[in-house]
Amino acid sequence: MTVHSIYRKTAVGLAVVALAATGCSTKSSNDSTGTTGDDASTGTSTGPVELKDGSSVKLALIPGGAHPYFQPWKTTADLDKTDFKLGGVTFNETGEWDQGKQNNVINSLAAQGYNAFGIFGVSPTDINSTFEDLKGKGFAVGSLASCPAGDTNSADFCLSTDVEAAAYKATKATIEAIGGSGTIVHLTGNNVDSNTQRRIAGVKKAIAETNGKVTELPVITDIDKDLQTAQKAVADLLASKGKEIKGIVTTAYNPAVAAADGVASSKLPIKVVAIDDDAKILSGIKSGGVAATVTQNPVGQAYVGGWLLALLGSKQCTMKTPGVIVDSGSFVVTKANVDTYDAERKAKTTELQKDFAAQLSCK
């Protein structure tokens with residue numbers, strides 16, 4: 001089964017949930033609880049708010065560039081259009097991981113009438129200026145899958161994985177898999193990305209809790225550009241240090257796939273803990289070749305983000321506290337729950353809608 005088909009099933013499941021309900025360091029806000037109310041005109045903690053009229057909203061979901069993680073956004077954008085009866089949707093991944101090029105894409109879409117934007121900013125240190133420009137033009141803006149660097153989020157909200165927490169969970173799973181002692185290595189993405197630094201901090205926190213029983217080789221960064229880059233880095237690592245490594249924790253997509261393949265080919269007794277649910281990773285968990293993975297919630301980001309942007313873009317609602325940051329969730333998957341973990345992720349997505357409903361002021 002491909003990653004795309006896995007997420008298509010997830011997205012369809014979320015659509016059913018939504019219809020039944022009337023329709024890289026983040027700080028988690030308090031979860032709200034409640035049930036769906038009949039009065040869809042109110043934005044309270046009683047449940048998700050029903051969009052009255054989404055026909056004026058044209059939604060753009062814009063990753064920083066092409067990457068497997070964002071493919072579920074494409075399918076979910078179509079669900080957003082159908083479920084919320086939006087005036088239009090687009091998924092555009094042509095930013096080529098260049099902030100200037102991504103800004104050009106955003107400006108072009110704005111000129112085409114798009115008025116609600118869910119954006120994964122290429123540069124966490126610069127993206128707030130893009131958000132401020134869009135907000136100044138009266139558009140609804142959500143920071144999705146990554147929050148700006150620093151303490152300020154100039155978008156209406158940020159819905160992203162708490163990447164430090166996810167990396168901490170992955171490292172705890174790695175430590176457990178190797179029996180609580182030994183040498184591990186962390187493979188991750190772009191070193192200058194603030195999310196990468198948060199992941200590194202999460203890994204180090206878990207290792208520090210072992211009081212020296214677990215040691216770490218130097219972190220290997222900048223290997224998530226593509227699968228080939230990751231494969232070469234893993235091959236070099238295993239050739240030079242393979243015999244002294246007991247565990248590999250990966251906090252970026254391509255290094256996870258490369259590590260799973262590389263360790264399997266080498267037949268070295270190294271425990272691999274991955275990130276996300278690529279088909280190879282899930283197959284490896286079932287066969288025992290991969291110890292665990294920590295999945296994220298890209299479908300929830302695009303679905304809940306689309307719902308919220310539609311409410312804001314239609315002017316039905318405003319945020320009580322603009323710039324609020326919410327954790328979209330991360331989930332440890334092992335052989336014990338590999339066939340059932342998606343139910344937990346869907347439940348988290350439903351909770352996210354309730355959480356945001358409590359933070360809206362609606363007409």
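The values are calculated or read from the model by the stated rules, or taken from the named source; none is laboratory data. What you are looking at is a predicted structure, and each value in this text was computed from that prediction instead of being measured. As a convention, Cβ positions derive from the backbone with ideal geometry for all residues, glycine included, and neighbour counts pool all protein chains shown. With ligands, DNA and RNA removed, areas are computed over all heavy atoms of the protein, side chains included. Shrake-Rupley method; radii C 1.70, N 1.55, O 1.52, S 1.80 Å.
Okay, here's what the table says:
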item: Qualifying positions in segment 297-308 - touching a strand residue (DSSP E or B) at 6+ places or on another chain (Cβ under 8 Å) and either among the hydrophobic types (A, V, I, L, M, F, W, C) or open to solvent by 10 Å² or more (accessible area, probe 1.4 Å) (or both); result: 302, 304, 308
item: All positions within segment 121-145 that are farther than 24 Å from residue 56 by Cβ, hydrophobic (A, V, I, L, M, F, W, C) and open to solvent by less than 20 Å² (accessible area, probe 1.4 Å); result: 127, 145
item: Scope segment 243-269; condition in contact with a strand residue (DSSP E or B) (Cβ under 6 Å, 6 or more places away or on another chain), open to solvent by less than 20 Å² (accessible area, probe 1.4 Å) and in a loop (DSSP other than H, G, I, E, B); matching residues; result: 245, 251
item: Subset of segment 87-108 [over 23 Å from the mean Cα position of the chain (by Cα) and not hydroxyl-bearing (Ser, Thr, Tyr)]; result: 87, 88, 104, 107
item: Any hit, segment 92-109, residues being acidic (Asp, Glu), within 13 Å of residue 65 (Cβ to Cβ) and surrounded by 19 or more Cβ atoms within 10 Å (Cβ to Cβ); result: yes
item: Checklist (1) part of a loop (DSSP other than H, G, I, E, B); (2) open to solvent by 10 Å² or more (accessible area, probe 1.4 Å); (3) in contact with a Leu (Cβ under 9 Å, 6 or more places away or on another chain) applied to residue 290, failing item; result: (2)
item: Residue in segment 108-122 that is out of contact with any strand residue (DSSP E or B) (no Cβ under 7 Å at 6 or more places or on another chain) and polar (S, T, N, Q) present; result: yes
item: Residue match in segment 309-329 (condition: at pLDDT 95 or above, closer than 18 Å to residue 70 by Cβ, of a type outside the set (Phe, Trp, Tyr) and not in a loop (DSSP other than H, G, I, E, B)); result: yes
item: Hey, residue 66 closer than 24 Å to residue 199 by Cα, open to solvent by 20 Å² or more (accessible area, probe 1.4 Å) and among the small types (Gly, Ala, Ser) or not; result: yes
item: Leading residue by the ranking (nearest to residue 165 (Cα to Cα)) among those in segment 271-280 that are surrounded by 22 or more Cβ atoms within 10 Å (Cβ to Cβ) and aliphatic (A, V, I, L, M); result: 275
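Table: residues versus (1) on the phi < 0 side of the Ramachandran plot; (2) under 12 Å from the mean Cα position of the chain (by Cα); (3) surrounded by fewer than 24 Cβ atoms within 10 Å (Cβ to Cβ).
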position: 310; (1), (2), (3): yes, no, no
position: 315; (1), (2), (3): no, no, yes
position: 319; (1), (2), (3): yes, no, yes
position: 331; (1), (2), (3): yes, yes, yes
position: 334; (1), (2), (3): yes, no, yes
